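Participant: I have a structure I would like to understand better, so I am pasting it below and will then ask my questions one at a time.
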Amino acid sequence: MAYDSVVIGGGVMGSAVALRLSRAGQKVLVLERSIPGAEASSAAAGILGPQIEGEGDDPLFRLCLASRDAYPAFVEEVEALSGKRVGYHQSGLLRATIAGDDAGPLAHRLGWQREMGLAVEALDGAGARKLEPSLSPEIAAALYFPNEARIDPQLLASALPKAAQAAGATFRSALVQRVVVENGRAAGVEVEGERIPAGAVVVAAGAWTSHVAGCGLPDDAVAPVRGQMAALRLPGLELSRVIFATRGYLVPRGDGLVLVGSTMEQVGYEKKVTAAGLTRILTNAVSVVPALADAELVATWSGLRPCPKDGLPLIGSGAAAGLFLASGHHRNGILLTPETARLLSEAVLEGRDPETLAPFSPLRFGNRVSAAS
């Protein structure tokens, strides 16, 4: 059976692309080697915070900002199609500094974001504790970003495939052996000896993207970076906003549940949770919210972020006609899902990349697809 598009990878990125293409009338197949959304999508914290992650007014920051602002409509669509809630809250975010830490980064971020006209407020320690009473008395200053938001990635990763299926996409569990390229054009994929013809192939395989045969990327274009996390529960805890500190973050989930993280480790595809990693993130959590010293440790896990070697995601046309990539989003995968899906599907449907995607073109890594592969 031939498809208009085959998407390799059933995480939030692949599922969102499938949703957009299906709603445009395409016949779409999503191929996922395990459970859709079971890898980095579900392991993420779900922070929708371009203002806290951005280092300046550049194309990546603009893309992240546009995607954050697209989330309310995106959530409404996904929830309506899937019948499932995804835990979206525009709760705001605090970037806090503990006494003795360098406050320079806060001043820098405050300056350039105010010049852009973005919503950001400078607070002293007392002002930060007025918003979040559970914060440590050692918090000396903070920036408050009222437009930042959060979402539950596990709920999103569960709802998005259902939304895409409701729009007409087909999901199949299979290990893709290679992208089939003929005469310089992607003609489909090979799956366990079976060839599936397609008019376009979208590679959204996360940290494994570079290893998809025929994707046209060098092996080191996208590499895994492990992030360890933990979930703590403290009934009665007063915490409603995402809290960033120098060495980690805290994400409230309601009913006293808080996610804390995260590490950044280049350890290949090793996903184990380590004593050293947990010690770092738990120590940070307690230093920011001392009451968490009495919290129950209810879960630990890790995920592999798809890290591009030059720091920019890979979104757009690949080295063969009809080949597209949506990967390398690193720490911003959940945040960038709506806008990546919109722009990438436009590239597939129009046969050319939107101008916005120029800085993120996968072609910056060269053409590594032969005429027949």
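Participant: It is to be established whether one or more residues within the range 64-71 are touching a residue at least 24 places away in the same chain (Cβ under 8 Å) and part of a strand (DSSP E or B).
Facilitator: no
Participant: In this structure, is ALA142 within 22 Å of VAL286 (Cβ to Cβ), in contact with a strand residue (DSSP E or B) (Cβ under 8 Å, 6 or more places away or on another chain), without any contact (Cβ under 8 Å) to a residue 60 or more places away in the chain and surrounded by fewer than 17 Cβ atoms within 10 Å (Cβ to Cβ)?
Facilitator: Spelling it out, it is not the case that ALA142 is within 22 Å of VAL286 (Cβ to Cβ), in contact with a strand residue (DSSP E or B) (Cβ under 8 Å, 6 or more places away or on another chain), without any contact (Cβ under 8 Å) to a residue 60 or more places away in the chain and surrounded by fewer than 17 Cβ atoms within 10 Å (Cβ to Cβ).
Participant: In addition: Find the residue count for the range 276-325, including only residues that are farther than 30 Å from PRO252 by Cα and among the polar types (S, T, N, Q).
Facilitator: So the count comes out to 1.
Participant: Next question, about the same structure. So the check is Cβ under 6 Å with 6+ separation or different chains; which pairs have a first residue in the range 257-273 that's under 25 Å from PRO290 (Cβ atoms) and a second one that's assigned to a loop (DSSP other than H, G, I, E, B) and modelled with pLDDT of 90 or more?
Facilitator: Here the result reads LEU259/ALA45; GLY261/ALA45, each pair linking the range 257-273 to a residue that is assigned to a loop (DSSP other than H, G, I, E, B) and modelled with pLDDT of 90 or more.
Participant: Tell me, please, whether a residue that is free of Cβ contacts under 8 Å to residues at least 60 places away in the same chain, assigned by TED's automatic domain parsing to the domain that holds LEU357 and closer than 30 Å to LEU31 by Cα can be found in the range 152-164.
Facilitator: Looking for residues that are free of Cβ contacts under 8 Å to residues at least 60 places away in the same chain, assigned by TED's automatic domain parsing to the domain that holds LEU357 and closer than 30 Å to LEU31 by Cα, one finds none in the range 152-164, hence no.
Participant: In addition: If a residue must be charged (D, E, K, R) and out of contact with any helix residue (DSSP H, G or I) (no Cβ under 9 Å at 6 or more places or on another chain), how many such residues does the range 239-270 contain?
Facilitator: Qualifying residue count for the region: 3.
Participant: I've got another one for you. Can we say ALA213 is under 22 Å from the mean Cα position of the chain (by Cα), farther than 13 Å from LEU31 by Cβ and of a type in the set (A, V, I, L, M)?
Facilitator: The answer is no for ALA213.
Participant: Does any residue of the range 304-319 turn out to be in a strand (DSSP E or B), assigned by TED's automatic domain parsing to the domain that holds VAL17, in contact with a Ser or Thr (Cβ under 9 Å, 6 or more places away or on another chain) and at positive phi?
Facilitator: yes
Participant: Here is a follow-up. Scan the range 206-246 residue by residue and report those that are in a loop (DSSP other than H, G, I, E, B) and among the small types (Gly, Ala, Ser).
Facilitator: Of everything in the range 206-246, those that are in a loop (DSSP other than H, G, I, E, B) and among the small types (Gly, Ala, Ser) turn out to be ALA213, GLY214, GLY216, ALA221, GLY236, SER240.
Participant: Would you please name the residue that is surrounded by the most Cβ atoms within 10 Å (Cβ to Cβ), looking only at residues in the range 177-202 that are touching a residue at least 40 places away in the same chain (Cβ under 8 Å), in a strand (DSSP E or B) and not hydrophobic (A, V, I, L, M, F, W, C)?
Facilitator: If we take residues in the range 177-202 being touching a residue at least 40 places away in the same chain (Cβ under 8 Å), in a strand (DSSP E or B) and not hydrophobic (A, V, I, L, M, F, W, C), then GLY188 is surrounded by the most Cβ atoms within 10 Å (Cβ to Cβ).
Participant: Looking only at the range 126-139, filter to residues that are assigned to a helix (DSSP H, G or I) and in contact (Cβ under 8 Å) with a residue 24 or more places away in the chain; which one of those is nearest to PRO252 (Cα to Cα)?
Facilitator: The qualifying residue nearest to PRO252 (Cα to Cα) is LEU131.
Participant: Which number in (1) without any contact (Cβ under 8 Å) to a residue 60 or more places away in the chain; (2) buried (at least 23 other Cβ atoms within 10 Å of the Cβ); (3) of a type in the set (A, V, I, L, M) marks the one condition that ALA276 misses?
Facilitator: Evaluating ALA276 over (1) without any contact (Cβ under 8 Å) to a residue 60 or more places away in the chain; (2) buried (at least 23 other Cβ atoms within 10 Å of the Cβ); (3) of a type in the set (A, V, I, L, M) leaves (2) as the failure.
The values are calculated or read from the model by the stated rules, or taken from the named source; none is laboratory data. Computed from a predicted model, the values in this text were never measured in an experiment. As a convention, Cβ positions derive from the backbone with ideal geometry for all residues, glycine included, and neighbour counts pool all protein chains shown.
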